[in-house]
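Beneath this line is the structure, given in structure tokens, with notes to follow.
The values are calculated or read from the model by the stated rules, or taken from the named source; none is laboratory data. Since we're looking at a predicted model, the values are computed, not measured. Glycine gets a Cβ as well: all are built from the backbone with ideal geometry, and neighbour counts include every protein chain shown. Surface accessibility is based on the protein's heavy atoms, side chains included, excluding ligands, DNA and RNA. Shrake-Rupley method; radii C 1.70, N 1.55, O 1.52, S 1.80 Å.
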Amino acid sequence: MATSTSNLDVETLRLEIRKEYAEVARNPSKGFHFHTGRRLARLLGYQDQWLAAVPEASIESFAGVGNPFSLGAIRPGERVVDVGSGAGMDSLIAGGMVGPKGRVVGVDMTPEMLRKARKAASQAGLGNVRFRHGYAESLPVPDGWADVVISNGVVNLCPDKLAVFREMYRVLKPGGRLQIADITVQKAVPDSAKGDVDLWTG
């Protein structure tokens, strides 16, 4: 699971990823090398009833790769951490599922996405959902806080995947659950490719 990053400047990678997803936040209909928006959500099996209470601005900048909610129910009263929450669609869906006694923390490193997510949470009236700036490798969440950690298309963007999973484990309560949608490959990626920022960002 560890990834060689000897030829990769992590801060340069983060900068390029932030630039890409800032554009998804600002101009979601532009067209990207990945799908976005409501059509993507439906292709991935998101139910219309989940999306009904989510502001359109959050949905239009959705850029996930799967459906973490298909892996198990999020129950009322639970605490959820959304790693790489983007414009907040998954966090807001989770906020509706956990109800007023539950809590959701979305973590993202892109300021434009965080602003969009916070505005959407306010519009949706979901005071149980908060968004924090941070990295998947260093989550701004206390030890053992979460019942569930969700993530959607983010682990593949992180060179140190072991650090990401350690953080997920750290913030989970004993017996907590991971519900992750992501991209995997079936053969080793050459070190030369791992060091190419353009291949990380598309």
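Observations on the structure shown:
- Single match in ALA41, ALA52 (criterion: more than 21 Å from LYS161 (Cα to Cα), open to solvent by 60 Å² or more (accessible area, probe 1.4 Å) and among the small types (Gly, Ala, Ser)): ALA52
- Tally of residues being surrounded by fewer than 12 Cβ atoms within 10 Å (Cβ to Cβ) and in contact with a helix residue (DSSP H, G or I) (Cβ under 9 Å, 6 or more places away or on another chain) across region 20-32: 2
- Taken over region 168-184, the criterion of being more than 18 Å from VAL105 (Cβ to Cβ) and in contact with a helix residue (DSSP H, G or I) (Cβ under 8 Å, 6 or more places away or on another chain) is satisfied by ALA181, ASP182, ILE183, THR184.
- Residue in region 67-77 that is open to solvent by less than 20 Å² (accessible area, probe 1.4 Å) and of a type in the set (Gly, Ala, Ser) present: no
- Odd one out for PHE69 among (1) of a type in the set (Phe, Trp, Tyr); (2) under 16 Å from VAL149 (Cβ atoms); (3) touching a Lys or Arg at 6+ places or on another chain (Cβ under 9 Å): (3)
- Whenever a residue of region 17-34 is aromatic (Phe, Trp, Tyr), its partners that are assigned to a helix (DSSP H, G or I), lying with C-beta atoms within less than 6 angstrom and at least six residues away or across chains, give the pairs TYR21/MET113.
- Elements of type strands (runs of 3 or more DSSP E) contained in region 114-181, each with 1 or more residues being open to solvent by 60 Å² or more (accessible area, probe 1.4 Å): 129-133, 172-181
- Scanning region 167-198 for residues that are more than 22 Å from GLY66 (Cα to Cα), at pLDDT 90 or above and not hydrophobic (A, V, I, L, M, F, W, C) gives ARG170, LYS173, PRO174, GLY175.
- Boolean, MET97 is in contact (Cβ under 8 Å) with a residue 12 or more places away in the chain, within 30 Å of PRO174 (Cβ to Cβ), open to solvent by 40 Å² or more (accessible area, probe 1.4 Å) and hydrophobic (A, V, I, L, M, F, W, C): yes
- Selection from region 37-56 of residues that are within 17 Å of LEU126 (Cβ to Cβ), small (Gly, Ala, Ser) and at pLDDT 95 or above: ALA52
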